[in-house]
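Presented below is the structure to which this report refers.
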Amino acid sequence: MNWANLPLALLYTLIFPGFLFTAIVGLLLTWVDRKVTAVVQSRMGPPWFQPFADIGKLLSKRMIVPKGVRTVGFISAPLLSIAGSTLASVIVFLALFDPSGGFMGDLIVLVYLSTLPAISLIIGGASSRSPFGAIGASREMSMVLAYEVGFLLAIVTVIVQTGSIRFSEILAHQAQNGPVLWSISGFIAAAVMLLCMQAKLGFLPFDISEADTELIGGPLAEYSGVGLALFKLSRAMMFFFLPVFMVLIFTGAPQFSLLSILGFLVKLLTVLVLLILIKITHARLRLDQALRFFWTKIGLAGLIALAFALLGL
Amino acid sequence: MATPTLTETLDLSAKFPGAVTADARPGYTGWIVEAGKLLEVAAFLRDEMGYDLLSSVTGVDYLPDEKMEVVYQAYKTTGGPGIFFKVQAPRLDPIEVPSVVPIWPGADLQEREIWDLYGVKFTGHPDLRRILTWEGFSGHPMRKDWKEAFYEEDAKPFKSRWPEGRIKMAEERNPFGDNVTFDEGFDPEKWTSNDPEEALYTSLKKYTAETSDGIKTDHILVNMGPQHPSTHGVFRAVVILDGETVVSLKPVMGYLHRNHEKIGERNTFLQNMPYTDRLDYFNSMSNNWGYALAVEKLMGVAVPERAEYIRVIMAELSRIQNHLIWTGMMLNDLGAYFTPALYAFEERELILDIFEAVAGSRMMCNYFRFGGLARDLPEGTLEKIKDLVFDRLAAKVDEFDRLLTENEILVARLKGISKLSPEDAVAYSMTGPVLRAAGVPYDIRRAEPYGIYDRFDFDVVTQTDGDMYARYLVRLEEMRQSLRILRQAIAGLPEGPIITGKPQYQVRVPAGEAYGRIEAPKGELGYYVISNGKPNPWRYHVRAPSFINLTALEKMCVGGKIADFVAILGTIDIVLGELDR
């Protein structure tokens, strides 16, 4: 290992484009989320710094570790969550800002890393010794198994189309041959991925494991202070890098021109607004209904996309 | 459609000679049944006479006569007047009366309430525990010889209130710490429960955790509430879960109990009016009406035409805003991120504007008076009401219909879940939209019209499925029917006085009993008032639909998923101010 690279690696991971950058932009995007929601609900909505104030308040509060929790799991879960989001965002943004970077199979690593927040929710919920946490954790477990299938099928479709499991090569392929989105298989895969992202982000109608009105937050029920802040922050980061990831693998990276960058931002905002609109106009599905939805409809759509991709469509 | 039948001449005393006598006290009606024959008479009334809906069971303490009375009010779901029958027991502990739960399961929670507040033991009751007060409570607070903290006098206005033209607070005279009397040897600081939770948990049936395939599974005990976002207040349900499925459930209530009825007995008749606002705080207009109706029956006072029309207008506007809020909050319970709720609130605010204009307050209206109303419609209000009724609300109800009724997720979550058969719904004394959703066309506005409801042309909305979706559809359609009534009421609104006689602070109420009931948005709201000729009611009982509709909660939830429980509680439409009283 080359120790000389350590400062640069730390910089990448902690400041740009890793933790700090993603967290700040992610929080800004949760403001977009709240503002769009407010507009739809004919409210005013919060000022732009509200998400920062919320996280700041949570960070300033004491974290209560309830009696009888499994301390190691309970405390490490939010850290694991934030670590997963940070590393995944590094991979996504290095591909965006440094197209020649990355390594063979970074797409696969990204998929694994992006499930870490969900797994840490399971760990945190199961160690919290609250029935709400336990039910939430078991629901999250079922949900991960269901929505990751669709997510993977959508990614495999892109892999088949572009013929690479390396992020930078997928982007390069699209720069030459046009976006994956403009093919039948790409379009179906994008729709599949959008709905799976809805579940990955814990948004309605798939926020079954947290289900405020049923499980009062599920795995998050016992978290307070820093622990809760880290989970929220990790969610905010996912709300940034997952849509970016989706835009990248389906439409390619922006070029160094104003128009292209603006186009990229428009695409990003479109994905975000789609996610938000689905979230605020739907009621929550029951666990069994959501599982059936992902295993049958989404699974089938993913397979169809893959079949089209194999046929070269 | 149910048509009100003529009063039948039913002579119970001839049918049960010796065991049943007519209630001959002046101002009283009904029958006095001997305790030993109660079940026989009840079964006869239900099976042969068709009084299938037990509206209300309540206790009355006749301290001067050394008697404790339990009053039953039964009605026919086909309509018409009801029958009152009473059981009297000597006022010596233990006071025992047979439980009518085997005949009418809907008496379950009400008998527990009487046990709690009056100390009447119901023999044969499946689960006789305290319900509104806490487990360590000493005595039975509704008894006439029970004195509350800061007790001064039996009846308001307290003589001490204006000694030298200045209010002296009860707390000043009676500092904290010296204000309570306890039983001999009872120290509240040292009191430890002999685990009251244990009694609750054992009343949930014990389940041997064994499934058919021999794998032992753990049952999770979850306390939904008292602090829970979907219990609409401080309500608690203890749920036993097998995975996600509800195996057993018990409602626990009384966190907001303030002994409304005892306060009502201390108050003068008119002083009670603003207190009724606080019961179902969404619908203070209908609450006022129920109470005014009962006292007007006692006083024998007629209401002027104009007041009757305004009453109908206010009550129906109240129903519309209640159902709008219900739709929004129901969707919130299903997880729908506040969007429908805020859409509903927008319309509700406009209706509350009207309430504010006529009554001075948006929610605590205190608008009705015995024999009329507090004040007339201010200038311009009628135009506002017309705008709402003829233009805006109809379109908004249609918009809700368009946005929600066909929504795939809504249908998937509501349809076919928590089915209640019409027989069960009647047996459990369910009233209101839940009963009508089960296919029983029972609406007091039609079954036993009060006010001037017999003049209006409207449909009693029913559905046949009895599931949650049916309850949603019933409420949606009821808003349209309310608009229909409103249009007729606005068209027919006459000029004239709004109150009979001069408005007065102190009304003279002749001795007797009266039961006034109205079709409140949440179900049958009844007030049972007894006067002994004094300025204060001797007994003031509220038959709260939220409370009694919960009797069937366990039946509706068991076998469903935990996610459904939240929705089922939402479809019953409870409000805690009324539930805990």
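The values are calculated or read from the model by the stated rules, or taken from the named source; none is laboratory data. Everything numeric here is computed off the predicted structure, so don't read it as measured data. Ideal geometry is used to build each Cβ from the backbone, glycine not excepted, and the neighbour counts take in all protein chains shown. What goes into the accessible areas is simple: the full protein's heavy atoms, side chains included, and nothing from ligands, DNA or RNA. Shrake-Rupley method; radii C 1.70, N 1.55, O 1.52, S 1.80 Å.
Listed values, structure above:
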read-out	value
For the stretch A:238-313 versus the stretch B:399-458, the gap between their alpha-carbon centres in whole angstrom	41
Residues along the stretch B:386-411 losing 10 Å² or more of accessible surface when the other protein chains are present rather than the chain by itself (probe 1.4 Å)	B:Asn407, B:Glu408, B:Ile409
Chain B shape via C-alpha gyration tensor axes, a/c threshold 1.5	rounded
Cα convex hull volume per residue for the protein assembly as shown (Å³)	213
Top of A:Phe93, A:Phe256, A:Phe241 by mean-square fluctuation, Gaussian network on chain A, Cα under 10 Å	A:Phe256
Label-to-label distance, nm, for residues given as A:Leu274 and B:Thr29 (7 Å Cα→Cβ offset)	6.7
Surface per residue (accessible, 1.4 Å probe) for the protein assembly as shown, Å²	40
Residues in the stretch A:122-144 occluded by at least 20 Å² - accessible area, probe radius 1.4 Å, against chain by itself	A:Pro131, A:Phe132, A:Ile135, A:Arg139
Bridge type composition, the stretch B:12-123 - antiparallel percent by DSSP, nearest 5	75
Point-to-point label distance, A:Gln50-A:Ser100, nm (Cα→Cβ direction, 7 Å offset)	4.5
Alpha carbon convex hull of the stretch B:252-331, volume per residue in cubic angstrom	106
Straight-distance crosslink candidates among aspartates and glutamates, where the alpha carbon sits under 13 Å from B:Lys15 and sequence neighbours closer than 8 are dropped	B:Glu40, B:Glu48
Projected label distance in nm at B:Gln488 and B:Thr78, using a 7 Å step from Cα toward the beta-carbon	2.4
Pairs of Cα atoms farther than 16 Å apart, the stretch B:12-123, %	57
Cα pair distances in the stretch B:323-430, grouped into 5 Å bins until the bin that holds the longest one, percent each	2, 10, 15, 16, 14, 14, 13, 10, 6, 1
Within the protein assembly as shown: Cβ-based charge dipole about Cα centre, in debye rounded to nearest 20 (Lys, Arg +1; Asp, Glu -1)	1600
Area hidden from solvent between B and A (accessible, protein heavy atoms only, 1.4 Å, total, Å²)	2400
Lysine pairs in the stretch B:260-580 with Cα atoms under 29 Å, if 8 or more residues apart or on separate chains	24
Rounded D (µm²/s) - the stretch B:216-366, Kirkwood Rh over Cα pairs, Stokes-Einstein at 10 °C, 1.306 mPa s	87
15 Å Cα-Cα reach of A:Lys297 towards aspartates and glutamates, excluding residues that sit fewer than 8 places from it in its own chain	A:Glu148, A:Asp288, B:Glu408
Residue order for A:Val32, B:Val389 - accessible surface, 1.4 angstrom probe, largest first	A:Val32, B:Val389
Shape call, the stretch A:167-221: gyration tensor on alpha carbons, a/c limit 1.5	prolate
Of all accessible heavy-atom area on chain B, the percent that carbon and sulfur account for (1.4 Å)	54
Cα Rg, Dmax, the stretch A:114-219, angstrom units	16.9, 53
Which of A:Lys200, B:Lys159, B:Lys534 is most accessible, then next, and so on - probe 1.4 Å	B:Lys159, B:Lys534, A:Lys200
The stretch B:370-467: GluC sites (Glu not before Pro) in DSSP loop, at most 12 other beta carbons within 10 Å	B:Glu379, B:Glu406
The stretch B:260-580 pair-distance distribution - Cα-Cα, 10 Å bins, rounded %	6, 28, 35, 23, 8, 1
Options B:Ser482, B:Ile354, B:Leu342, ranked by Cα towards positive dipole end of the stretch B:260-580, top entry (Cβ charges)	B:Ile354
Coordinate range along principal axes, alpha carbons of chain A, Å, largest first	57, 50, 45
Whether the stretch A:48-144 is rounded, prolate or oblate, judged on the alpha carbon gyration tensor where a/c under 1.5 counts as rounded	oblate
Net charge dipole size for the stretch B:260-580 [Lys, Arg +1 and Asp, Glu -1 on Cβ; Debye, nearest 20]	840
DSSP-assigned coil residues among chymotrypsin sites (Phe, Trp or Tyr not before Pro) in the stretch A:1-91, each with at most 14 further Cβ atoms within 10 Å	A:Trp48, A:Phe49
Whole-Å distance, taken between Cα centres, linking the stretch A:107-141 and the stretch B:248-273	45
Kirkwood Rh in Å, taken over the stretch B:513-581 so that all alpha-carbon pairs contribute	13.8
Whole-number percent relative contact order across chain A, with pairs defined as alpha carbons under 8 Å at least 6 apart	26
Reachable aspartates and glutamates, given that their alpha-carbon falls under 18 Å from the alpha-carbon of B:Lys159 and they are not under 8 places away in the same chain	B:Glu148, B:Glu171, B:Glu172, B:Glu265
Dipole-positive endmost among A:Leu107, A:Gly302, A:Thr213 within chain A (Cβ charges, Cα centre)	A:Thr213
Kyte-Doolittle mean at least -1.0 and Cα axial length at least 20 Å: DSSP H helices in chain A	A:19-40, A:71-97, A:106-127, A:131-162, A:184-200, A:225-251, A:258-280
Dipole of the stretch B:260-580 [Lys/Arg +1, Asp/Glu -1 at C-beta], most positive-end residue of B:Thr464, B:Trp289, B:Ala437	B:Trp289
Complex-versus-alone comparison for the stretch A:207-226, residues with a loss of 40 Å² or more in accessible area, probe 1.4 Å	A:Thr213, A:Glu214, A:Ile216
